[in-house]
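S.K.: Quick one: the structure is below, and I'll ask about it shortly.
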Amino acid sequence: MLPLAGYTVIDFSQFLSGPLASLRLADLGARVIKIEKPETGDICRQLYTSDTVLNGTSTVFHAINRNKESVVLDIKKDADRQVIWDLLGKADVVMHNFRPGVMERLGFDYAAVREINPTVIYGEISGYGKTGPWVTKPGQDLLLQSLTGMTWLNGNASNGPVPMGLSIVDMFAGSNLCSGILACLYRRAVQEIGAHVHVSMLDSAVDIQFETVTTYFRDGKLLPQRSAVNNAHAYLAAPYGVYRTDDGFLALAMGSIPYLGKLLDCAELENFADGEQAFLERDAIKAILAKHLAARSTSHWLAILEAADIWCADVLDWRRLTEHDGFKVLNMMQEVSMGDDFRYETTRCPIRIDGELLTSTKGSPKLGEHTKKILEELYG
């Protein structure tokens, strides 16, 4: 039996951060019921991340809302509001990611829900917290990356700010909310008390940078300086980076510069020492290394480097990754089926419990697909 079997989550959240948290709770066994508004539902249903549409809905919606149920309720109608209250009264977890003040205006904030469900775990994600000058700004991933210094860590020094190619702040905010909810569910099981869990995307974006922010305050508040050549980490010395080869790319992590010089038959590198020089002169070192590595194939360099236990890797695209035995052995993909029998492939939960994979064949819900069933459960 999955660890959260028997728990019910009522989820008002939309887009990415909140649904990512409820997806993980669903994968761990909880029943997740999405409360969606009539006609449009979760705005993410229309959030097209490419020209690929699955069964009439955005691909990203399918990816993060599998294993859930959908009920359509109009929060402006008294009858539907009563249904919501009845669902909230039976919930173990209630969650949303609206801007501060929205749930208070709607009347479904923590204080109100706690009146009818004292031991509820109420989770919410905001963009910038509950107070401060940014509180009304939209909590969108690119904006959070831009406001928190994160974009100055990616790309080479001449590139200007470079954002991540993933909604990384959404993902970590959702993960943080899930962690807080799980901790409070455990406390509730022991002490029989509820909790209000609040995570902001701003907190999460700063927390992701714990290593670099700590260095900044320790380093006399000097701003991060990306290397001009093959940057992969603003605070790490050469050879750290991704290098073009004759037929692809090679990733190199930490390593002794003079040793690499001997190993790769690159005499110029033997003139450099490890430690401070490898950091202060990393652009020169990386430029020499880049020119040298471009002369031969990736497989040629990997054969030399891996044999010497140097931390390195081929740089794969998704096609080469998914065709590799190293990926296949994970069984990371699963086929799920929607209520209308539409099937699609997506990722599974990355957690294993007692050696078992956490998989589910249940795809994402059609808008309001489970409304009738849930009403029958509530009222017979």
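The values are calculated or read from the model by the stated rules, or taken from the named source; none is laboratory data. Note that the structure is predicted; figures quoted are calculated from it, not measured. Ideal geometry is used to build each Cβ from the backbone, glycine not excepted, and the neighbour counts take in all protein chains shown.
S.K.: Test each condition in (1) under 22 Å from Lys366 (Cβ atoms); (2) out of contact with any strand residue (DSSP E or B) (no Cβ under 6 Å at 6 or more places or on another chain); (3) in contact (Cβ under 8 Å) with a residue 60 or more places away in the chain; (4) part of a loop (DSSP other than H, G, I, E, B) for Phe98 and report the one that comes out false.
M.R.: (1)
S.K.: Would you mind finding the one in Ser70, Ser17 that is over 16 Å from the mean Cα position of the chain (by Cα), at pLDDT 95 or above and among the polar types (S, T, N, Q)?
M.R.: Answer to the check: Ser70.
S.K.: Further, regarding this structure: Looking at Ala251, is it over 21 Å from Arg296 (Cα atoms), modelled with pLDDT of 95 or more and surrounded by 13 or more Cβ atoms within 10 Å (Cβ to Cβ)? Walk me through how you get there before you give the answer.
M.R.: Values: over 21 Å from Arg296 (Cα atoms): no; modelled with pLDDT of 95 or more: yes; surrounded by 13 or more Cβ atoms within 10 Å (Cβ to Cβ): yes.
So Ala251 does not fit the description; no.
S.K.: Sort out which residues of the stretch 275-325 are farther than 13 Å from Gly261 by Cα, surrounded by 15 or more Cβ atoms within 10 Å (Cβ to Cβ) and touching a residue at least 60 places away in the same chain (Cβ under 8 Å), and write them in order of number.
M.R.: Those that are farther than 13 Å from Gly261 by Cα, surrounded by 15 or more Cβ atoms within 10 Å (Cβ to Cβ) and touching a residue at least 60 places away in the same chain (Cβ under 8 Å): Cys312, Ala313, Asp314.
S.K.: Mind checking which residues of the stretch 91-116 are farther than 28 Å from Gly132 by Cα and either in contact with a helix residue (DSSP H, G or I) (Cβ under 8 Å, 6 or more places away or on another chain) or surrounded by 14 or more Cβ atoms within 10 Å (Cβ to Cβ) (or both)?
M.R.: Selection gives Ala91, Asp92, Ile116.
S.K.: Of these, Ser200, Ser179, Ser175, which one is hydroxyl-bearing (Ser, Thr, Tyr), under 19 Å from the mean Cα position of the chain (by Cα) and crowded, with 22+ Cβ neighbours inside 10 Å? Before the answer, list the steps.
M.R.: Details: Ser179 fails: crowded, with 22+ Cβ neighbours inside 10 Å; Ser175 fails: crowded, with 22+ Cβ neighbours inside 10 Å.
Being hydroxyl-bearing (Ser, Thr, Tyr), under 19 Å from the mean Cα position of the chain (by Cα) and crowded, with 22+ Cβ neighbours inside 10 Å holds for just one of Ser200, Ser179, Ser175, which is Ser200.
S.K.: Follow-up question, since we're still on this one. Condition check: farther than 29 Å from Ser167 by Cα, at pLDDT 95 or above and aromatic (Phe, Trp, Tyr). Does Trp134 satisfy that?
M.R.: Values: farther than 29 Å from Ser167 by Cα: no; at pLDDT 95 or above: yes; aromatic (Phe, Trp, Tyr): yes.
Considered against the rule, which asks whether it is farther than 29 Å from Ser167 by Cα, at pLDDT 95 or above and aromatic (Phe, Trp, Tyr), Trp134 comes out as no.
S.K.: Restricting the stretch 7-50 to residues that are in contact with a His (Cβ under 8 Å, 6 or more places away or on another chain) and under 14 Å from Pro365 (Cα atoms), which is surrounded by the most Cβ atoms within 10 Å (Cβ to Cβ)?
M.R.: Ranking the candidates gives Asp11 first.
S.K.: Okay, next question. Can you go through Leu236, Leu289, Leu321 and tell me which one is closer than 24 Å to Gly155 by Cα and touching a helix residue (DSSP H, G or I) at 6+ places or on another chain (Cβ under 6 Å)?
M.R.: Answer to the check: Leu321.
S.K.: In the stretch 42-57, what count of residues is obtained for those that are farther than 16 Å from Glu369 by Cβ and either assigned to a strand (DSSP E or B) or touching a Gly at 6+ places or on another chain (Cβ under 6 Å) (or both)?
M.R.: Residues in the stretch 42-57 being farther than 16 Å from Glu369 by Cβ and either assigned to a strand (DSSP E or B) or touching a Gly at 6+ places or on another chain (Cβ under 6 Å) (or both): 1 in total.
Rundown of residues vs (1) assigned to a strand (DSSP E or B); (2) closer than 21 Å to Gly165 by Cα; (3) not hydroxyl-bearing (Ser, Thr, Tyr), yes/no style:
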site	(1), (2), (3)
Met1	no, no, yes
Phe15	no, yes, yes
Ser22	no, no, no
Thr40	no, no, no
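S.K.: Test of understanding: among Arg348, Arg352, which residue is free of Cβ contacts under 8 Å to residues at least 12 places away in the same chain and among the basic types (Lys, Arg)?
M.R.: Exactly one residue qualifies, and that residue is Arg352.
S.K.: What is the number of the single condition among (1) outside any strand (DSSP E or B); (2) under 18 Å from Glu124 (Cα atoms); (3) under 24 Å from the mean Cα position of the chain (by Cα) that Lys34 does not meet?
M.R.: Failing condition for Lys34: (1).
S.K.: If you don't mind, there's one more thing I want to ask. Scan the stretch 156-182 and report the pairs whose first residue is touching a residue at least 60 places away in the same chain (Cβ under 8 Å) and whose second residue is of a type in the set (D, E, K, R) and part of a loop (DSSP other than H, G, I, E, B), with Cβ atoms within less than 7 Å and a gap of 6+ or a chain change.
M.R.: Every condition considered, the pairs that remain are Asn156/Arg226; Ala157/Arg226.
S.K.: Give the residues of the stretch 118-132 that are of a type in the set (Val, Ile, Thr) and either assigned to a loop (DSSP other than H, G, I, E, B) or under 14 Å from Ala205 (Cα atoms) (or both), sorted by residue number.
M.R.: If the condition is that a residue be of a type in the set (Val, Ile, Thr) and either assigned to a loop (DSSP other than H, G, I, E, B) or under 14 Å from Ala205 (Cα atoms) (or both), then Thr119, Val120, Ile125, Thr131 are the ones that fit.
S.K.: Condition (residue is over 30 Å from Ser299 (Cβ atoms) and in a helix (DSSP H, G or I)) applied to the stretch 349-372: is it met by at least one residue?
M.R.: Within the stretch 349-372, the first condition is being over 30 Å from Ser299 (Cβ atoms), and the residues that meet it are 349, 351-372.
Cutting the leftovers down to in a helix (DSSP H, G or I) gives us 371-372.
Checking the stretch 349-372: at least one residue is over 30 Å from Ser299 (Cβ atoms) and in a helix (DSSP H, G or I).
S.K.: Report, by residue number, each residue of the stretch 143-170 that is of a type in the set (Val, Ile, Thr) and buried (at least 17 other Cβ atoms within 10 Å of the Cβ).
M.R.: Within the stretch 143-170, Thr148, Thr151, Ile168, Val169 meet the criteria.
S.K.: A follow-up question, please. Kindly indicate the residue of the stretch 350-377 that is among the small types (Gly, Ala, Ser) and closer than 23 Å to Phe327 by Cβ and also surrounded by the most Cβ atoms within 10 Å (Cβ to Cβ) among those meeting that condition.
M.R.: Among those that are among the small types (Gly, Ala, Ser) and closer than 23 Å to Phe327 by Cβ, it is Gly363.
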